[in-house]
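Quick notes on the structure that follows.
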Amino acid sequence: MGICHDTQRQYICFPIDIIKYISVGYGLIDISYTLYRVKQGIIISKMSNDMRRIDKDRYYLEIARAVALRSPCTRANYGAIVVVNDAIVSTGYNGPIRGGVNCYEVGGCIKDVLNLPHGTSYDLCPAVHAEENCIINAARNGGQVLGGTLYLYGLNPKNNEVLDAIPCERCRRAIINSGIKKVVVMSNNGEIRYFDVEKWIKEDTEKYINNLKLALEGKLKPPIKK
């Protein structure tokens, strides 16, 4: 006994045991695929136009999103992974130092208490950033990030909305020195953004030279810590 499926006006019949195998691995046969055939014990499948695989960048970003869900931060959850030669070599999320205390365990986030904006006053925050942890975790476990790509995803823990995931200057410098060549991030509008790390080297240098010039001219005021 078997089940027949009409694909492009051709009826292909499958034994019940094969159907069970396909159902477990691929979902219902009559809505997901255009062709199945059994040959020498191997199931060969071809996807229809309305059942496409996501591209690799979105695939890796979705994994980075899952990593972000491990973050204990009450303000923003970020997840990062490093991929080398199409294989994940490290993951990391933002959170306190190993063995340190989580904000929610001691009464809340100090930046929330002081009503400080995102992306500022990192010296008050006990967290290690996702990108930093990703690079550090690779070193702890003998991983190789040289020449790799870092994927970064951010979430708002209060409403689960996507946050713009753009590495800060501190993380950019760690990424540069680690030898990672490209950074791929998810934007809050659902678009994927790509960053060439080599350009960050030029931007960092130009910013320092410009600030030094302004400082020598007495036109640069030191930043005020809030």
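Among PRO222, ASN211, SER178, whose Cα sits farthest toward the positive end of the charge dipole of segment 174-226 (+1 at Cβ of Lys/Arg, -1 at Cβ of Asp/Glu, about the Cα centre)? Of PRO222, ASN211, SER178, it is PRO222. The antiparallel fraction among DSSP beta bridges confined to segment 88-219 stands at about 70%.
Remark: for residue pairs LYS111/LYS221; LYS158/LYS221; LYS158/LYS182; LYS56/LYS207; LYS111/LYS219, the C-alpha separation exceeds 32 Å in LYS158/LYS221; LYS56/LYS207. Rounded to the nearest 20, the Cβ-based charge dipole of segment 99-226 about its Cα centre (Lys and Arg +1, Asp and Glu -1) stands at 320 debye. How much accessible area does TYR104 have with a 1.4 Å probe, in Å² rounded to the nearest 10? We get 130 Å² for TYR104. Taken one residue at a time, the phi angles of segment 179-184 give Karplus couplings (6.51, -1.76, 1.60, θ = phi - 60°) of x, 5, 9, 9, 10, 10 Hz. Gly and Pro are set to x. Neighbours of ASN94, meaning other residues whose beta-carbon lies under 14 angstrom from its beta-carbon, give a summed charge of +4 when Lys and Arg score +1 and Asp and Glu score -1. Look at where the Cα atoms of segment 79-111 and of segment 154-218 average out, and the two centres are 18 Å apart. log10 I(q)/I(0), Debye, Cα-only segment 83-195, no solvent, q = 0.11, 0.19 Å⁻¹? Result of the Debye calculation: -0.39, -1.11.
Residues LYS221, LYS111 ordered from highest to lowest accessible area at a 1.4 Å probe: LYS221, LYS111. Of the whole protein surface, ASP196 contributes about 70 Å² of accessible area at a 1.4 Å probe radius.
The values are calculated or read from the model by the stated rules, or taken from the named source; none is laboratory data. Because the structure is a prediction, the values reported are computed rather than measured. Positions of Cβ are generated from backbone atoms using ideal geometry, with glycine treated the same way; all protein chains shown enter the neighbour counts. Heads up: the accessible areas ignore ligands, DNA and RNA and are worked out on the full protein's heavy atoms, side chains in. Shrake-Rupley method; radii C 1.70, N 1.55, O 1.52, S 1.80 Å.
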